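Asker: Right, I'll just put the structure down here and ask away after.
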Amino acid sequence: MRTCSPYSPIPTRLHLRRCFRSLLFLGLIAFIASFSGCTRFGGTSLIDWWQNGWKVGPNYGRPAAVVADDWIEAENTHVKADQQEDVYWWTRLEDPDLDRLITLASEQNFELQSAGMRVLEARAIRAVSLGMLFPQSQVLSGQYLSTLQSTNQGLALPTASDFNLPRNWQNFDGMFGLGWEIDVWGRYRRALEASTADFQLAVEDYDAILVSLLAEVAINYVELRTFQQRLIYARSNVKAQEGSLRIATVRFEAGETDKLDVTQAESNLEATKALIPQLQIGERQSENAICVLLGIPPQKLNELIPQKKAPIPLVPSDVALGTPADLIRRRPDLRAIERAAAAASARIGVVASSLYPGFAIDGTIGISARNFSSLWESSSIGGTFDPRFSWKILNYGRIMNEIAAQDAIFQQRAIEYQQQILVANMEVEDALIAYIKSQEQVKYLLASTKSYEESVRLATLKYKSGETDFNQVFLLQADLTSVQDKLAQAQGSVATSLIGIYRAMGSGWQIRLDSPDDAPQQQIADVLPSPPVDTTMDDSFPSLQTDGDESEVDAAEPSPEVALSRGPLHRILQNQFNPEDVASGSQDPTFASTGERFDIALSRDAAEFNRAVQIRPVQPPKP
């Protein structure tokens, strides 16, 4: 029987005809298998297989979700039904110090940079899945063999004395081989769909971290300014109460009052002084939190965040919101969960492909000769052609359970997506009612503060003139201290509630899509804190070094006008997709109102994900 081996001639036409008949037989088996429909979850008939683009398993559709018609406070005068989203929402606070912090955090935050590296990891994994569509095994090999045969061993080969064969001989071999499992049932294409969804999920996670980072910087900044305002009020009250204590002491020493006035004044003063250390603790802790968000060690930020007479940022009295349905488009965390569901759906098809026979073709072609001079002769050429199939016909129970498990994972992701939409809606409503009612609280506390200040002034004048006792001054000063502290907290609450609205709406991630010319221009200080340079970094991680030109860019002085998209926002993800494109043109989703549901098929432009992520090697920022 004639065989094909690296040492035999190329297969003849007779062999090729036999191989062709074998492939026809395997095709007949595949045709029969396609009608089997042998699973509850991943089974696909021939018609479904063809309509799905020659792939088994379900085609993905976005999970249904219930969305409210409108916000509860939609008719409130503080809410504007404006579809235009405030991407650079922090600029509405009109605070240059906050703008500088946002810029630095978006450029230096380590968690954000780590998320960018996860995007690159997911992109590389997707590229591996793409490569599986092509021959999975490619081997180029060569060998030189030299043998000296012993004539004394028990199983010695015949030598020259027997059949005129040499004791020593040599051989030269070279071979190229391919192994290709043909993706008949869409196993590798479904795996590519899953890897693409994972890549998209990594991008959405990056955007979610960016949204959270911007909000955390702004919230910690407002909290810091709130503590500073409370300290201003506390120190002002300490000064006023020290004056009252002097008046009470003078009157007591003059015999006009008893010592009770002095002790009341002292108790009031000491109680107010006790507030200061507590507020200083909160001030320092907020400052430390900002440092971590900026990617620098905890330190005082006096130059970056100078003291102000009125430190709490001014907050606009209204906010522009779209509709609750916009949450699905705006919030990266919702899109991330939806991408996780898409990946789980694709993996059902990956597992379901195991129910059907797999087809593969292996082949080799090579040269083999005893002498190097004969290696290039046509008679030295040999090869193999090996089409085959394999079918796990006795593993159907295990495979069906694997499909059921993967289907359950998909259902979990779909339910999590639906649940998170409700949570997102709740978060916006919670922040919105806090924003509206905190403004009312500030209005009442401002009026109360003015009344208390005037009451304290009048009571102090009456006490100095002896028209009233100190008890009235004591109570009014204590109440004024409390009301002013509540006022500062309420003013801070208005700002943090507004930030919470933008965070719940998922605003701010779009800055990574903008070019430097599109971003608001900001004045950056000449000396800004940066993470310390680790001198061992270049020696330990040579791959992290940059070339000379890039080092010069990093070492240069900051431009007077620095856009927010500079740093990892621009370097890592400037070429990634814009999820808002899904809402344009033929991809425009129809969002359901309350009680209605919508199913939207996956619609992403695959070309967007084939773009290279623009990134420079990571290098610690220079001080």
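Asker: Could you order Thr147, Thr226 so the one with the most accessible surface comes first? Probe is 1.4 Å.
Answerer: Thr147, Thr226
Asker: Sticking with this one: Divide the volume of the convex hull of the Cα atoms of the stretch 336-403 by its number of residues and quote the answer in cubic angstrom per residue.
Answerer: 156
Asker: Largest first and in whole Å, give the semi-axes of the stretch 127-261's equivalent ellipsoid, each being the square root of 5 times a Cα gyration tensor eigenvalue.
Answerer: Ellipsoid half-lengths, sorted descending, are 97, 27, 10 Å.
Asker: Give me the net charge for the shell around Gln280: Cβ to Cβ below 15 angstrom, other residues only, Lys and Arg +1, Asp and Glu -1.
Answerer: Taking every Cβ under 15 Å from that of Gln280, the sum is +2.
Asker: Could you state how much accessible area Asp386 has, in square angstrom rounded to the nearest 10, with a 1.4 Å probe and all protein chains kept in place?
Answerer: So the heavy atoms of Asp386 present about 70 Å² to solvent.
Asker: Taking K and R as +1 and D and E as -1, what net charge do the other residues with C-beta under 10 Å from the C-beta of Phe252 add up to?
Answerer: Net of charged neighbours comes to -2.
Asker: Once phi is turned into θ = phi - 60°, what whole-Hz ³J(HN,Hα) does the Karplus curve with 6.51, -1.76 and 1.60 give for every residue of the stretch 358-369, x standing for Gly and Pro?
Answerer: For the stretch 358-369, the Karplus curve yields x, 10, 9, 10, 10, x, 9, 9, x, 10, 8, 7 Hz.
Asker: Run through all the Cα pairs of the stretch 285-363 and give the fraction in each 5 Å bin from 0, expressed as whole percent.
Answerer: With 5 Å bins starting at 0, P(r) equals 3, 9, 9, 8, 8, 10, 12, 10, 7, 5, 5, 5, 4, 3, 2, 0, 0.
Asker: Over all alpha-carbon pairs in the stretch 401-486, figure out the percentage whose distance exceeds 15 Å.
Answerer: Counting pairs separated by more than 15 Å, the tail of P(r) holds 73 percent.
Asker: Longer than 21 Å from Cα to Cα, which of Lys443/Lys486; Lys309/Lys464; Lys55/Lys392 are they? Say none if no pair is.
Answerer: Lys309/Lys464
Asker: Where does each of Trp509, Trp169 land when they are ordered by accessible area, with a 1.4 Å probe and the largest first?
Answerer: Ranking Trp509, Trp169 by accessible area, largest first, yields Trp169, Trp509.
Asker: Filter the trypsin sites (Lys or Arg not before Pro) in the stretch 215-321 down to the DSSP loop ones having no more than 16 other Cβ atoms within 10 Å, then list what survives.
Answerer: Taking the stretch 215-321 and a limit of 16 other Cβ atoms within 10 Å, the loop trypsin sites (Lys or Arg not before Pro) found are Lys300, Lys308, Lys309.
Asker: Among rounded, prolate and oblate, which fits the stretch 302-346 when a ≥ b ≥ c are the square roots of the eigenvalues of its C-alpha gyration tensor, a/c under 1.5 means rounded, and a/b larger than b/c means prolate?
Answerer: Verdict is oblate for the stretch 302-346.
Asker: Just how far, in whole angstrom, is the stretch 393-455 from the stretch 303-342 if you go by their alpha carbon centroids?
Answerer: 14
Asker: Quick check: net charge around Leu231, other residues with Cβ under 14 Å of its Cβ, Lys/Arg +1 and Asp/Glu -1?
Answerer: +4
Asker: Take the alpha-carbon positions of the stretch 64-147, form their convex hull, and give its projected area averaged over all directions (one quarter of the hull surface) in nm².
Answerer: Approximately 14.3 nm², given one-decimal rounding.
Asker: Probe radius 1.4 Å, ligands and nucleic acids left out: which of Glu121, Glu253, Glu85 has the largest accessible area, and how do the rest follow?
Answerer: In descending accessible area the options line up as Glu253, Glu121, Glu85.
Asker: So, in Å, what gap is there between the alpha-carbon centers of the stretch 87-132 and the stretch 265-296?
Answerer: Rounded to whole Å, the Cα centres lie 31 Å apart.
Asker: Still on this structure, I have one more. For the stretch 291-372, with all protein chains present and a 1.4 Å probe, just round the carbon and sulfur fraction of the accessible area to a whole percent.
Answerer: Looking at the stretch 291-372 in its full context, I get 60 percent from C and S.
The values are calculated or read from the model by the stated rules, or taken from the named source; none is laboratory data. For clarity, every value in this text was computed on a predicted model and none was experimentally measured. Virtual Cβ from ideal backbone geometry, glycine too; neighbours counted across all protein chains shown. Side chains included, ligands, DNA and RNA excluded: accessible areas come from the protein's heavy atoms. Shrake-Rupley method; radii C 1.70, N 1.55, O 1.52, S 1.80 Å.
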